[in-house]
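The structure appears below as structure tokens.
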Amino acid sequence: MEISNTDSIPGRTIVQFYGVVTGNTVRAKHIGRDIMAGLKNIVGGELVGYTELLQDSRNEATERMIQQAQSMGANAVVNVRFATSSIAQGAAELFAYGTAVRVE
Amino acid sequence: MDSGFLQTLEAILNFGLPIFLLLLAYFVGTMLERRHFRSIRNRESEFAQFPVVTFDTMPADWTATSSTLVTGSVVVSLDYFKRVIAGLRAIVGGRIKTYEPLLDRARREAMLRMIEEARRDGYDAVFNVRLETSRLANSSGEGKRTAGVEMLAFGTAVKFTSRFARTS
């Protein structure tokens, strides 16, 4: 499975379009991470726990998008976009979407 | 025990703690920020030869064999001192200088992580780089505490047909 955020896969030609595929996940923060982040809020800088949390979540959303593309019979996803939205206190939705295609 | 002593103790608890936190935040925060900027500059000069572009199509002299999506992200938060300064600034309006270096270093860090991922997996360049900023929800009910800001950098990494295929 090849994915890219451009209109095509470099060096390949698109032979068939399958439509939009999406993947999402909603995650809440871990209380331990929240306490650490609270402490880190005093001196500032990177909140490593949150970085990892969002990275994991984004990977999962991407993975779900890829699964959907595979079930359609696609072998690539082009024009992938990410979106993050805070939907509730302490919870965020990570969303990935793109166009499933067959390339040769 | 005389009441003067108790009043002093109370004053220390009421004003001393915030002042201590402010000073701690100022010194530690400034030190961490300097160290981070130094690390960013070092890595940026190390990766200076690695082509990263925001074009949505590949430059004509690139011939790619394989490609993948690479991402880099970082969540940062302001230190207590800077938050207080920014809060004061918000009363009179104008440029909030304390936020600028924070966002700058977060964005550069996200970009560096994206490049590191591409290099680690053996890719030669990244094109169609996009940068996104999103604010995370407050970690608790208190309005003042912001959980942080996430910077995301992503793009399409490509491998060239041969290591020195670029003819520029």
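The values are calculated or read from the model by the stated rules, or taken from the named source; none is laboratory data. As the structure is a computational prediction, the values presented were derived from the model and not from experiment. Cβ atoms come from the backbone with ideal geometry, glycine included; neighbour counts cover every protein chain shown. Surface accessibility is based on the protein's heavy atoms, side chains included, excluding ligands, DNA and RNA. Shrake-Rupley method; radii C 1.70, N 1.55, O 1.52, S 1.80 Å.
Some points to look at:
- Whichever aspartates and glutamates have a C-alpha closer than 19 Å to that of B:Lys159, once near sequence neighbours (fewer than 8 apart) are set aside: A:Glu2, A:Asp7, A:Glu104, B:Asp56, B:Asp61, B:Glu116, B:Glu117, B:Asp121, B:Asp124
- Relative to the longest principal axis of the Cα atoms of chain B, the long axis of helix B:99-120 lies at roughly 40 degrees.
- Heavy-atom accessible surface of the range B:1-129: percent carbon and sulfur, 1.4 Å: 61 percent
- Note on the range B:59-110 and the range B:11-34: Cα centroid distance 24 Å, given to the nearest whole angstrom.
- To put it simply, the accessible area of the range A:2-103 at a 1.4 Å probe is 54 percent carbon and sulfur.
- Between B:Glu46 and B:Phe27, the simple spin-label model (points 7 angstrom out along Cα→Cβ) gives 3.1 nm.
- Burial of 10 Å² or greater, the range A:42-76 residues [accessible area, probe 1.4 Å, versus chain by itself]: A:Ile42, A:Val43, A:Gly44, A:Gly45, A:Glu46, A:Leu47, A:Tyr50, A:Thr51, A:Leu54, A:Gln55, A:Arg58
- For chain B, the longest principal axis of the C-alpha atoms and the axis of helix B:17-46 are separated by about 10°.
- FRET efficiency, 1/(1 + (r/R0)^6) with R0 30 Å, evaluated for B:Ala86 and A:Glu93 via beta carbons: 0.65
- Helix B:80-92 axis, angle to chain B major axis (alpha carbon atoms, nearest 10°): 80 degrees
- GNM top mover of A:Val80, A:Val26, A:Val43 - chain A, alpha-carbon springs below 10 Å: A:Val43
- Drop in accessible area of at least 30 Å² in the complex versus isolated chain, residues of the range B:76-101, 1.4 Å probe: B:Ser77
- Residue of B:Gly122, B:Gly16, B:Gly72 that the Gaussian network model of chain B assigns the largest fluctuation, springs spanning Cα pairs under 10 Å: B:Gly16
- Contact surface B-A: accessible area buried, both sides summed, square angstrom, 1.4 angstrom probe: 3000 Å²
- Chain A: relative contact order in percent, alpha carbon pairs under 8 Å with at least 6 residues between: 47 percent
- Label-point gap, in nm, between A:Asp7 and B:Phe37 - each point 7 angstrom along Cα→Cβ: 4.1 nm
- Computed over protein heavy atoms with a 1.4 Å probe, the accessible surface of chain B works out to 57 Å² per residue.
- Label-point gap, in nm, between A:Ala28 and B:Asn14 - each point 7 angstrom along Cα→Cβ: 3.8 nm
- Using a Förster distance of 41 Å, the FRET efficiency for A:Gln70-B:Ile96 (Cβ separation, nearest 0.05): 0.30
- Helix-only arithmetic for chain B: the sum of -39500 (n - 2.57) across DSSP H runs with n ≥ 4, divided by the residue total, places the mean residue ellipticity at 222 nm at -15000 deg cm²/dmol.
- If the segment from B:Ser3 to B:Arg130 were pulled out straight at 0.36 nm per residue, it would be longer than the present Cα-Cα gap by 39.4 nm.
- Inter-chain Cβ neighbour average for residues B:149-159, partner chain, 10 Å: 4
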